[in-house]
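Below you'll find the structure, written out as structure tokens, and then a few comments.
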Amino acid sequence: MVRNKLIWTSIAALLLLLAGWGIRWFSANFEQRTREVVEGMSPAAKRNPLLAAERFLNRIHVVTERVSGRDRLLNPPAEPGLLLVYRLGVSLPAEREQALLAWVRQGGHLLITPQDAWDEEAETSGNSLLDTLGVQLVLRGSGQDQSDEPDAESSADGSDKPAPLRFEMPGVEEPIAVAFSERRVLFDSLGHADWKVETNEGGHLLQYALGQGRITVISDLQPFSNLSIGEHDHALLLALLVGDQQHAWLLYSSAMPALPILLWRRAPGLVISLLALGVLLVWSLTLRSGPVRSVGRPVRRNLMEHLAAVGGYLWRTDQAAGAFLHSQAALEQAWRRRHPVLGAMEQAARCQWIARHVGLPTQQVEQALYGEYQGEQGFIQVTAIQQRLAAQLRIQKEQTSNGEKDSG
């Protein structure tokens, strides 16, 4: 027992030594590091540039609803709240616009941003509501880009992001900082705005009181987008604009571009490839393959070729036997009617008489009228002899008719 205990103790000690050596080797050759991997936006965030704003409003206990399309503009909500529209788009029908303004008068808050710049020649911004308010959007600098891409103005490294603008806001003691786009500025042409955020270059936020509600026009909603909501005081500005409203509708897409425009924006390489393929397809249809087809007259075949073709066809369609027996009976009766002397003769004598008048061997005549054939070639040969016997009858009939005409 003592010996066994000593052995097991030695084994346990050896295992502990190996385990300690393994841990020391692992610690000397490996180290733990924390690595951050950026996977990019989720598909939901790519579709909805206001997804982060929606989640922020949920955290401050505002009931939010994401909306795509123009249904909320055409049919405003029943209860008051904040209706945020990411690029307003074209004008609404007159009755729908009045219904939207009536919703604002009852306590709703409409937060919008223009999509198109002010057209000096047409004297319109492309939307009747903005024209009524007197809001004009002007694009400045080299970035005359009206793209409605969610984060088109933000680069990956943030090098081209605008500097924040500090301004006073009602109900807030200290100024807040918001990075508005420097390329998009607003002008209150009619001077009806109740509150403005502007610089020497132009305005970035215009607010109009309407009944119990208000309309806020902002130069761009980029501060509320997924990549910018967490910067500066952007989230604070959104919370202040919501105010005491309990419900918010975030309309992240109020219009759908035409399919060709959408394809060109999303996949220009695909569009160019399809156009090139179409051009190559049209060009390939103009090419011919093979020699030019001659328009000459078809060569007429002689009688023997015709007989061989007919015989081959009958043989391939299993009609040879029936056609051959029918031809033999009809041809023998025709010779007997034409030459009554053949009726009193035996078969051999009859064949000799016909062979002498036609100029064929007696054996061929007998095979054509009473014999059999062997194989396809034999059938074709016997058929040719039958045709020659029938042709001889026609010649004799024509000679008799001509002789009667001459004697008459």
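Some points to look at:
- Filtered residues of the range 367-402 (kept if polar (S, T, N, Q), surrounded by 13 or more Cβ atoms within 10 Å (Cβ to Cβ) and within 18 Å of GLN328 (Cβ to Cβ)): GLN367, GLN381, THR383, GLN386, GLN387, GLN392
- Residue check for LEU82: under 28 Å from ALA117 (Cα atoms) and over 37 Å from the mean Cα position of the chain (by Cα): yes
- Only a single criterion out of (1) touching a helix residue (DSSP H, G or I) at 6+ places or on another chain (Cβ under 8 Å); (2) within 17 Å of GLU168 (Cβ to Cβ); (3) loosely packed, with under 14 Cβ neighbours inside 10 Å is not satisfied by HIS234, namely (3).
Quick grid of which residues meet (1) at pLDDT below 80; (2) hydrophobic (A, V, I, L, M, F, W, C); (3) farther than 25 Å from GLN136 by Cβ:
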| residue | (1), (2), (3) |
| --- | --- |
| THR34 | no, no, yes |
| PRO80 | no, no, yes |
| LEU83 | no, yes, no |
| GLN98 | no, no, no |
| GLY107 | no, no, yes |
| ILE112 | no, yes, no |
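- Checked against (1) under 30 Å from LEU130 (Cβ atoms); (2) assigned to a loop (DSSP other than H, G, I, E, B), LEU83 passes all but condition (2).
- Only listed residue being modelled with pLDDT under 60 and within 23 Å of GLY371 (Cα to Cα), chosen from ALA320, ALA329: ALA320
- For the range 340-352, the condition of being assigned by TED's automatic domain parsing to the domain that holds GLN328 and crowded, with 17+ Cβ neighbours inside 10 Å holds for at least one residue.
- Selection from the range 352-365 of residues that are touching a helix residue (DSSP H, G or I) at 6+ places or on another chain (Cβ under 6 Å) and within 16 Å of ALA390 (Cβ to Cβ): ILE354, ALA355, VAL358, GLN364, VAL365
- Failed item in (1) within 30 Å of ALA239 (Cβ to Cβ); (2) hydroxyl-bearing (Ser, Thr, Tyr); (3) in contact (Cβ under 8 Å) with a residue 24 or more places away in the chain, with SER42 passing the rest: (3)
- Note on the range 360-391: residues that are in a loop (DSSP other than H, G, I, E, B) and at pLDDT 80 or above total 2.
- Criterion violated by ARG297 - all others in (1) within 30 Å of TYR373 (Cβ to Cβ); (2) at pLDDT 60 or above; (3) of a type outside the set (Ser, Thr, Tyr) satisfied: (1)
- All positions within the range 234-250 that are part of a loop (DSSP other than H, G, I, E, B) and either among the hydrophobic types (A, V, I, L, M, F, W, C) or closer than 18 Å to PRO49 by Cα (or both): none
- Meets criteria (charged (D, E, K, R), modelled with pLDDT under 80 and surrounded by 10 or more Cβ atoms within 10 Å (Cβ to Cβ)) for ARG70: yes
- Qualifying residue in the range 25-41 (condition: assigned to a loop (DSSP other than H, G, I, E, B), out of contact with any Ser or Thr (no Cβ under 9 Å at 6 or more places or on another chain), surrounded by 11 or more Cβ atoms within 10 Å (Cβ to Cβ) and not charged (D, E, K, R)): yes
- The set of residues in the range 185-202 that are in a strand (DSSP E or B) and closer than 16 Å to PRO170 by Cβ comprises TRP195, LYS196, VAL197, GLU198.
- The residue list HIS306, HIS339 contains one member that is at pLDDT 80 or above and within 30 Å of LYS397 (Cβ to Cβ), which is HIS339.
The values are calculated or read from the model by the stated rules, or taken from the named source; none is laboratory data. For clarity, every value in this text was computed on a predicted model and none was experimentally measured. Quick reminder, even Gly has a Cβ in these numbers, built from the backbone with ideal geometry, and neighbours come from all protein chains shown.
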